[in-house]
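S.K.: Pasting a structure below so you can have a look.
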Amino acid sequence: MRSARSYIKQAFLLILTLFCVRALLQAQEEETREVGRTTENELKVTLTSSFGTIKITRGDPEKMVVVQSSSDEEQRMNMDYSIRNRVGYMDLTLGEGNQEEPEGKKGSFHITDFHAGQWALKFSDAVPISFDIQLGVGKGDFDFSGLHVKDFNLSTGAGDVTLSFDEPNRSTIENMNIESGVSKFEGRNLGNANFKHFRFQEGVGTSTLDFSGGLYSEVDVDVEVGMGVTTIIVPPHVGARVTHDKSWASKLECARDFHSTSDTEYVSENYDDVPAKINIRVDSGLGSIKIRRH
């Protein structure tokens, strides 16, 4: 009969083998791609995702982007990158395969057949970045704290999206545009985004627009709601003027320090006494808008 020591040895070898196989599978499922910085003094990013989970944060200053990917190997990522006049042009397609090589892009390279369903993108904080993002179905966690965001356009289909600026944006955004389809959207510390004009469109869903942060000038905000509930948070040091088109199907609720100046306008008590002002125009179909202090 085989000794107990022999069985223990075989069990140990089996466990060790399973551990190595698991580590190998994880290594195959998790891949990293990066683009180092050379002569770029600006970056323009076009990001398209059909489905999946995307996370964006600040990364290494000397790397324009680092992409970590894991999950379903049937998913794919394509990346095209080129430099023209010291501007980096990055085109990312997540969740779709593309076997065609880009034509007419001198000095560019193409990465294809990159299997993933979850993506973590880290961008350089050394150059101003323009983002044009389109999300289909999935989740998005966009933390732009510490980045130089020059332009920002976001369109979402169905999913759960969080956008945050926990540190002041070091660039100025002239026009910040967000379109939310059938989804839940949360914007945190948007006052740190350093925008001049903010436009938000919601189809169906629940959204929170928190303008806390470093808002010290006068800005304009346009909010259009189809069918849903949108909560707008205005910090106490900011004066606010809210204009809206009255409708039997929509509802507008304002904080206690707001008073009505007409049938379509509400103004906060501190509006004329503070330098920081936010002018909010609301257009609601079957939705509900809530103005809150935080």
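Every read-out reported here was derived from the displayed coordinates using simple, explicitly stated rules and does not represent laboratory data. Source: prediction; values computed, not measured. Here the Cβ positions follow ideal geometry from the backbone for every residue, glycine too, while neighbour counts run over all protein chains shown.
S.K.: I'd like the FRET efficiency for K246 and Q201, computed as 1/(1 + (r/R0)^6) with the beta carbon distance as r and R0 of 22 Å, rounded to 0.05.
M.R.: Numbers: r = 20 Å, r/R0 = 0.90.
Efficiency at R0 = 22 Å is approximately 0.65.
S.K.: Taking amide H positions as placed 1.01 Å from N in the peptide plane, with prolines and chain starts having none, which residues 5 or more places from E42, or on another chain, fall under 5 Å of its amide H?
M.R.: Result for E42 returns G88.
S.K.: Near the amide H of Q201, under 5 Å away, which other amide H atoms are found, from residues 5 or more places off or on another chain, if H is placed in the peptide plane?
M.R.: It is I178, E179, S180, E224, by chain and number.
S.K.: Could you pull out every residue, at least 5 positions away or on a different chain, whose amide H is within less than 5 Å of the one on S171? Hs are placed 1.01 Å off N in the peptide plane, and Pro or chain starts have none.
M.R.: V149
S.K.: Say the cut-off is 30 Å between C-alpha atoms; which of K55/K150; K63/K139; K63/K277; K44/K251; K251/K277 go over it? List each step's numbers first, then the result.
M.R.: Numbers: K55/K150 19 Å; K63/K139 25 Å; K63/K277 37 Å; K44/K251 39 Å; K251/K277 23 Å.
In this structure, K63/K277; K44/K251 exceed 30 Å between Cα atoms.
S.K.: If you look at just the Cα atoms of the range 165-294, how large are its Rg and its Dmax in Å?
M.R.: Taking only Cα atoms of the range 165-294, I get Rg and Dmax of 13.7, 42 Å.
S.K.: Please order S183, S164, S262 by the number of other Cβ within 10 Å, starting at the fewest. All intermediate terms of the calculation are to be shown ahead of the outcome.
M.R.: Details: S183 23, S164 20, S262 8.
In order of increasing Cβ crowding within 10 Å: S262, S164, S183.
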